[in-house]
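The values are calculated or read from the model by the stated rules, or taken from the named source; none is laboratory data. Values in this document were obtained by computation on a predicted structure and should not be read as measured data. For neighbour counting, all protein chains shown are included, and Cβ atoms are generated from backbone atoms with ideal geometry for every residue, glycine included.
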Amino acid sequence: MVLGKHLKGAFKAVMMAIKQLSSEELEQFQKSGNVVVEGHELHEEDSCLMYTFDQATGGTAQFEAHSDAQALVLLDITPDQSMVDEGMAWEVINRIQKLRSIPTDKITVYYNAKSEGRYLNNVFESHTDFIFAIIKPPLKPYPVPVSGNILIQEQTQLKGSELEITLTKGLRVPGPACAYVNLNICVNGTEQSGVLLLENPKGDNKLNLLKLKIIVTSIFSVKNVELSVFHGETELQNQTGLLSLSGKTLRLTAGTYINLQLLNAEPQECLVGTVGTLLLENPLGQNALTQQGLMYEAAKVFGLRSRKLKPFLNETQTHELTEDIPMKTLNTKIVLVLPQRHKAHF
């Protein structure tokens, strides 16, 4: 039964009177199951007896009280520090989940926390596994890698602490905290590999191309040679920002040359070899080889002066060496030359 409909106009007065009932009257109601208030008899189904604890007498502790008519139970609901920390961890989880557009995306979460006494940092460190179990993506402290593909960033206040969260696309591959490049260097026919930091500490002592070459000559004991540095097919220039290449592999060569491979033909003019070498420039920085010069010199090398040659960069002859490909990008590579058939004239 709804008490308001039962009491009608007397509802307000009865409610005021109920609040004034003494503990003895409430105990009697608990025993008998009914009580008369303002001339209205109320039963157990009309009301619910609730217990409260006087916090003023309990210090800082917080209690909830309950009774089953036989015993009174006081439950200490004062949160301990572990509960407070877990609550803060849940706040962090909620912030991260709100930033994610698609929950199944592969991302890495980076955080930067500032709070008195490193409290929020301590929460991150002690609850990393707990947070990871909920959000799934890896959780890492700042800095965000230079090569990181940033999806979204947020700065917020979290219960008196400053929190910055950055989501990057993809999973983080473990690596140096500072920007770095992998190195492959070929000198005098010998190939070596290494790693070079582009900054250290992070944000300071940044390398440019000139400094990189100087350090490489020291690391690999390369002396009295001019190094060329490539990222893929592109030769790096002095104005190239190396930090943008963090995590990439750079190829360095000393001297400039290409190797030749003759396809589907035998050399002429009493020659027998089908492989050869051309220098891209000699002396260094002078007499640069052009594509036209390459074809002319290749014909001389194999004794095919009267034949037209067609250059390719792969054995399947699907990647032809065209004039728009810079000759410097061919350094140390193999160019395959295919003699063209003579056309019959009638």
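Of all residues in the range 199-213, count the ones that are surrounded by 12 or more Cβ atoms within 10 Å (Cβ to Cβ), assigned to a helix (DSSP H, G or I) and out of contact with any helix residue (DSSP H, G or I) (no Cβ under 8 Å at 6 or more places or on another chain). Within the range 199-213, residues that are surrounded by 12 or more Cβ atoms within 10 Å (Cβ to Cβ), assigned to a helix (DSSP H, G or I) and out of contact with any helix residue (DSSP H, G or I) (no Cβ under 8 Å at 6 or more places or on another chain) number 2. Collect the residues in the range 263-298 that are of a type in the set (Ser, Thr, Tyr) and assigned to a loop (DSSP other than H, G, I, E, B), keeping them in residue-number order. Result: THR274, THR290.
Beta carbons closer than 7 Å, at least 6 apart along the sequence or on distinct chains, pair a first residue in the range 283-301 that is within 17 Å of GLN340 (Cβ to Cβ) with a second that is at pLDDT 85 or above and acidic (Asp, Glu) for GLN291/GLU323.
Do we find that VAL229 is assigned by TED's automatic domain parsing to the domain that holds LEU304, out of contact with any Pro (no Cβ under 8 Å at 6 or more places or on another chain) and modelled with pLDDT of 85 or more in this structure? Against the criterion (assigned by TED's automatic domain parsing to the domain that holds LEU304, out of contact with any Pro (no Cβ under 8 Å at 6 or more places or on another chain) and modelled with pLDDT of 85 or more), VAL229 does not qualify. Just so you know, in the range 232-258 the residues that are part of a strand (DSSP E or B) and surrounded by 15 or more Cβ atoms within 10 Å (Cβ to Cβ) include one that is nearest to the chain's Cα centre (by Cα), and it is LEU250.
When LEU245, LEU271 are checked against the criterion of being out of contact with any helix residue (DSSP H, G or I) (no Cβ under 6 Å at 6 or more places or on another chain) and at pLDDT 85 or above, a single residue qualifies: LEU245.
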